[in-house]
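See structure below.
The values are calculated or read from the model by the stated rules, or taken from the named source; none is laboratory data. What you see is a predicted model, and the numbers here were worked out from it, not measured in a lab. For neighbour counting, all protein chains shown are included, and Cβ atoms are generated from backbone atoms with ideal geometry for every residue, glycine included. Surface accessibility is based on the protein's heavy atoms, side chains included, excluding ligands, DNA and RNA. Shrake-Rupley method; radii C 1.70, N 1.55, O 1.52, S 1.80 Å.
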Amino acid sequence: MQISKWKRIVIKVGSALIAPHGNGCSSHYLLSIAQFIVRCREQNIEVVLVSSGSIAAGSHLFPGEVKNIATKKAMAAAGQTEMMATWDKLFDFPTAQILLTHADLKDRERYTSVRETLFSLLEYGLLPIVNENDTIVTDKLKVGDNDNLSAMIATAADADALIICSDIDGLYTANPQVDKKAKEIHVACPEGLIDLYLEG
């Protein structure tokens, strides 16, 4: 990757990398991602981090099989704190948390406010860490998943690149772990993805 051409990037980290062992956050995969972020900042590349994993990070605090939505939201509330603390330990510069719902990105005034906050944080040298607000989100307000969220944040932040860190080895038409008919997408057209989002 020729990162020297980038001025601003968005990096998305999936839940499987945040809490890979099911017993809270782990730095096992996050350390190398944090080192990459540090190198980018040393080259004056601004970084916005979209971090999934609040539910996965908090699940170990709620033993037993959980199916109820209210408990999953409680997991997210507990896990969000643990996840932010884990990221903070990996950096020697300040971070800032931004929690969003679908409504924040669909409403023009709130979308503009999100942009202004992102740009202000970057201007002052903080690392914005964005996640969907799983503690209050409903099906109506849900973005969908943090891959979608990271794409929207990349647009909002006027990013030059979006890097998705995941345990899946590429971009697919569906989850290949669940859908055997899922096909890998080798080239994605941003305009096409935006049109799909707007239509959806």
Sorting Pro128, Trp87, Ile98 by the position of each Cα along the dipole of the chain (Lys, Arg +1; Asp, Glu -1; all at Cβ), the one nearest the positive end of that ordering is Trp87
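Considering only protein heavy atoms and a probe of 1.4 Å, how much of the accessible area of the chain is carbon and sulfur, as a whole percent? Don't jump to the answer; show the numbers that get you there.
Values: 5940 of 11450 Å².
Answer for the chain: carbon and sulfur cover 52 percent of the accessible area.
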Student exercise, the chain dipole from Lys, Arg, Asp, Glu Cβ charges, in Debye to nearest 20: 180 debye
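Using only helices, what value at 222 nm comes out for the chain when you add -39,500 (n - 2.57) per DSSP H run of length 4 or more and divide by the total residues, to the nearest 500 deg cm²/dmol?
Numbers: 8 runs with 85 residues, N = 200.
Taken over the chain, the calculation gives -12500 deg cm²/dmol.
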Excluding ligands and nucleic acids, what accessible area in Å² is computed for Cys25 using a 1.4 Å probe, to the nearest 10? 30 Å²
At a threshold of 8 angstrom on Cα-Cα distance, excluding pairs fewer than six apart, so keeping six or more, what relative contact order does the chain reach in percent? 26 percent
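Which entries in Lys106/Lys180; Lys89/Lys181; Lys12/Lys183 show an alpha-carbon gap greater than 30 Å? The partial results should precede the final answer.
Working: Lys106/Lys180 33 Å; Lys89/Lys181 41 Å; Lys12/Lys183 21 Å.
Cα-Cα > 30 Å for Lys106/Lys180; Lys89/Lys181; rest within.
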Binned at 10 Å from 0, what are the whole-percent values of the Cα-Cα distance distribution for the chain, short to long? 8, 34, 39, 18, 1
Looking at the stretch 1-86, which trypsin sites (Lys or Arg not before Pro) are DSSP coil and have at most 16 other C-beta atoms within 10 Å of their C-beta? Lys7, Lys67
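Which chymotrypsin sites (Phe, Trp or Tyr not before Pro) from the stretch 101-131 combine a DSSP loop assignment with at most 12 other Cβ atoms within 10 Å? Intermediate values should be presented prior to the final figure.
Values: sites: Tyr111, Phe119, Tyr124; in loops: Tyr124.
Sites meeting the loop and neighbour criteria: Tyr124.
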Rank these residues by their accessible area, most exposed first, probe 1.4 Å: His60, His21. His21, His60
